[in-house]
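The values are calculated or read from the model by the stated rules, or taken from the named source; none is laboratory data. Please read these numbers as outputs of a predicted model, since none were measured by experiment. With ideal geometry, Cβ positions are generated from the backbone for all residues, glycine too; neighbour counts draw on all protein chains shown. Surface areas here come from the heavy atoms of the whole protein model, side chains and all, with no ligands, DNA or RNA. Shrake-Rupley method; radii C 1.70, N 1.55, O 1.52, S 1.80 Å.
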Amino acid sequence: MCYTYIYQPVSACLLLNMSKALSPKLHINHCLLFLLASICFTVTSTAQQIAENGAPGIRLNQIGYYPGAPKIAVIVAGHGTVFYVQTPEKKTVFTGALKWSVKPDFAGNKTLIADFSSYQKTGKYLLFVPGVGYSYPFEIRPFVLKGVAGASIKAYYFMRASIQLRKKYAGKWSRAEGHPDTSVIVHPSAATDKRPAGTVISSPRGWYDAGDYNKYIVNSGISTSTLLSLYEDFPAYMKTVKLNIPESGNNLPDVLNEVLWNLRWMLTMQDPNDGGVYHKLTNAAFDKFEMPDNATAPRYVVQKGTAATLDFAAVMAQASRIFGKFPKELPGLADSCIKAANKAWNWAAANPNVAYDQEAMNQTFSPKITTGSYGDRNFNDEFIWAACELSATTGEERFITAINLMPDEKMPLPTWNQVRLLGYYTLIKNIRTAHDNGLKELPELKKRLLAFADSLIGGANETAYETVMNKSARNFNWGSNSVAANQGVALIQAYQLSNDPRYLQFALANLDYILGRNGTGYSYVTGYGSKTPMHPHHRPSSSDGIAEPIPGLLVGGPNPGMQDHIKVPSIVPDEAYIDDERAYAVNEIAINWNAPLAYLVNALEALQSKLKP
Ligand code: 9MR
């Protein structure tokens, strides 16, 4: 069968490399070299074929597994009792029994679970299930996810506004600078005496939000904070993550270099006269699909709001805590950040209920703004988050005593409009680290976080994919892949608090979900895995003339809502996905979805030795 044939050339290539390495005296004549080179060329194209030919019924992490960690594949629409782990040469190295899932999937069918956790030998493999076929190739080795872990952060470099992406850093995705944002107009909705409508301000840098080229403070808040937390929670590991970005090689860890690109933009979004923060920097309407340097419509800062101002305060307070550790490299920055945070907090305290209501705004002001709204009406969670970050950084309890820290028993999973847990994560970390400020609520918060993690993992093993993500159809909304990632982040937080490896195991299972062990068989990260999105709703990926989309981007994922009116092939919640550029409700990419992926995969790389099979 074609499988053997495909792998023969691989050995030929290896042979060529070996002969080069072993015997400089061995003169391979040009003819032979050419022959071997052309065989190698065949490998690339046939490797592509094998990637495309993986049996669609076998769903697994398409990149690979850590030797000492759980290893699960899921077989859909299958039958049989046995599976094999084989080498590329079709040698069986492990034989396992298939077992039926306890519960059916959302379509009502049970799946077969292939568990090869006890096989721990490093190598390249395929799974073979008689009657179903061969899986995509995968590896077992330490640091197997290092590539995708780095790419999930490097993705932010590709999202940068106001900078040319040079070939040296961007490779074939190099591009011209887009959106300098040095002449941004104050929209009438944001006018004040000191900055009347039409005032021009400079607000460069920052990351594009998603498939569009606008920059939104609310969504920047959770994204920037999640990346800051990744550094704050795993500083030693994150110092080893090199991204090949323009700042690489200075004394800062690259993840912080990347965060700075957005943080410096965020600082410009605060009105220095009163401390309020503009909701977004935006065009009046979405750009068409074109490269960023061609998208030159006027840009506005619009109305200040309570959510944007408190999210800004939270991020600046956290940033002050973290960048304060680099006084030589960034003199004064930590100070500026905490000052900005305090000013923002004061504005919000005086303006506790200013919602960003785009429809209402458009009744009164022109031009009408029709880009993403990120509108929110409840600010309790934003107050909690900002208070927690400000207290953690300054050691002052007054921020926390000013708010209702635990309005109810809920531990809502973080998303752009629900940030309460981000504040709790920060307080709980302070129990572990030096800053225990003796808050009486801390033991209760710690208990609740573990209870929340227990509620996430309870019954996960019984689902058709043995993941937390597959427990509930309610997880499959707009940006569902970020739900999987944020569940993973919550479990990592619980692990850090308890050292209970079960939390890590299910964090990893959700990452497996993202990388292919799921209802569609896609690895949802562009460029990482055998079957990955090729047509994300992302303007540069669509317009740059390069076949492959920009790598390391997490698409939104299954969502039966079809808010974009593009028909998905199935409305079964975890199957409701299509790799179609127009389908923004399932196939867009966004900074707030990549951030929890970056956290999850880098945290697991850092903690891989703690995983138990
Ligand atoms: O991620 C946002 C999702 O939760 C909302 O339901 C949706 C509709 O309001 O908007 C999503 O955010 C989009 C933003 O408004 C504009 N940039 C692209 C974002 C991702 O689709």
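Kindly indicate the residue of the range 184-204 that is assigned to a loop (DSSP other than H, G, I, E, B) and aliphatic (A, V, I, L, M) and also farthest from Met361 (Cα to Cα) among those meeting that condition.
Ala197
List pairs: first residue in the range 400-424 and in contact (Cβ under 8 Å) with a residue 24 or more places away in the chain and among the basic types (Lys, Arg), second residue more than 16 Å from the ligand (Cβ to nearest atom) and in a helix (DSSP H, G or I) anywhere in the structure, Cβ distance under 7 angstrom, at least six positions apart or on different chains.
That search, which allows pairs on different chains as well, returns Arg420/Ile384; Arg420/Trp385.
In this structure, is Lys471 open to solvent by 30 Å² or more (accessible area, probe 1.4 Å), in contact with a Gly (Cβ under 8 Å, 6 or more places away or on another chain) and closer than 24 Å to Val102 by Cβ?
yes
Scanning for something within 30 Å of Met266 (Cα to Cα), within 25 Å of the chain's Cα centre (by Cα) and in a loop (DSSP other than H, G, I, E, B), does the range 125-142 turn up at least one residue?
Scanning the range 125-142, I find no residue that is within 30 Å of Met266 (Cα to Cα), within 25 Å of the chain's Cα centre (by Cα) and in a loop (DSSP other than H, G, I, E, B), so the answer is no.
Please list, ordered by residue number, the helices (runs of 4 or more DSSP H) wholly in the range 299-378 having 2 or more residues that are within 16 Å of the ligand (Cβ to nearest atom).
Output list reads 306-323, 358-364.
Within the range 374-382, is even one residue under 22 Å from Asn481 (Cβ atoms), acidic (Asp, Glu) and out of contact with any strand residue (DSSP E or B) (no Cβ under 8 Å at 6 or more places or on another chain)?
Yes.
Can you list the helices (runs of 4 or more DSSP H) lying wholly within the range 494-596 that have 3 or more residues being within 16 Å of Ser482 (Cα to Cα), away from the ligand (no atom under 16 Å from the Cβ) and in contact (Cβ under 8 Å) with a residue 12 or more places away in the chain?
Those helices (runs of 4 or more DSSP H) span 501-514.
Taking Thr467, is it touching a Lys or Arg at 6+ places or on another chain (Cβ under 8 Å), assigned to a loop (DSSP other than H, G, I, E, B) and modelled with pLDDT of 95 or more?
Criteria met by Thr467.
Cβ contacts < 7 Å: first residue over 16 Å from Leu267 (Cα atoms), restricted to the range 203-220; second residue near the ligand (Cβ under 9 Å from one of its atoms) and acidic (Asp, Glu), any location; separation 6+ or different chain. Result?
Listed by first residue and then by second, the contacts come to Ala210/Glu588; Gly211/Glu588.
State whether the residues of the range 540-552 include one that is more than 24 Å from Met159 (Cα to Cα) and either touching a helix residue (DSSP H, G or I) at 6+ places or on another chain (Cβ under 8 Å) or open to solvent by less than 20 Å² (accessible area, probe 1.4 Å) (or both).
no
Yes/no matrix, rows are residues, columns are (1) under 19 Å from Leu442 (Cα atoms); (2) aliphatic (A, V, I, L, M):
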site: Ile369; (1), (2): no, yes
site: Ser373; (1), (2): no, no
site: Phe379; (1), (2): no, no
site: Trp385; (1), (2): yes, no
site: Thr401; (1), (2): yes, no
site: Leu405; (1), (2): yes, yes
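Residue pairs, Cβ under 6 Å, 6 or more apart or interchain, first in the range 371-396 and more than 14 Å from Val419 (Cβ to Cβ), second polar (S, T, N, Q) and modelled with pLDDT of 95 or more. List them.
Correct list of pairs: Thr371/Asn214; Thr371/Thr282; Ser373/Gln358; Ala392/Thr426; Thr393/Ser320.
Pairs please, first residue from the range 65-81 and closer than 21 Å to Ala509 by Cα and surrounded by 19 or more Cβ atoms within 10 Å (Cβ to Cβ), second anywhere and at pLDDT 95 or above and among the aromatic types (Phe, Trp, Tyr), Cβ atoms under 6 Å, 6+ apart in sequence or on different chains.
Filtered contacts from the range 65-81: Lys71/Tyr65; Lys71/Phe116; Val74/Tyr465.
For the list (1) away from the ligand (no atom under 16 Å from the Cβ); (2) open to solvent by 20 Å² or more (accessible area, probe 1.4 Å); (3) within 28 Å of the chain's Cα centre (by Cα), I need the number of the one condition that Glu396 fails.
With (1) away from the ligand (no atom under 16 Å from the Cβ); (2) open to solvent by 20 Å² or more (accessible area, probe 1.4 Å); (3) within 28 Å of the chain's Cα centre (by Cα) applied to Glu396, the lone miss is (3).
Does Gly324 satisfy being more than 24 Å from the chain's Cα centre (by Cα) and either buried (at least 22 other Cβ atoms within 10 Å of the Cβ) or on the phi > 0 side of the Ramachandran plot (or both)?
no
For Phe94, state whether it is at pLDDT 95 or above and in a strand (DSSP E or B).
It is true that Phe94 is at pLDDT 95 or above and in a strand (DSSP E or B).
Only one of (1) modelled with pLDDT of 95 or more; (2) not in a loop (DSSP other than H, G, I, E, B) fails for Asn404. Which number is that?
For Asn404, the failing item is (2).
Would you mind finding the one in Thr309, Thr282, Thr296 that is of a type in the set (S, T, N, Q), surrounded by 15 or more Cβ atoms within 10 Å (Cβ to Cβ), at pLDDT 95 or above and out of contact with any helix residue (DSSP H, G or I) (no Cβ under 7 Å at 6 or more places or on another chain)?
Thr282
Out of Leu413, Leu405, Leu390, Leu421, which single residue is buried (at least 17 other Cβ atoms within 10 Å of the Cβ) and in contact with a Gly (Cβ under 9 Å, 6 or more places away or on another chain)?
It is Leu405.
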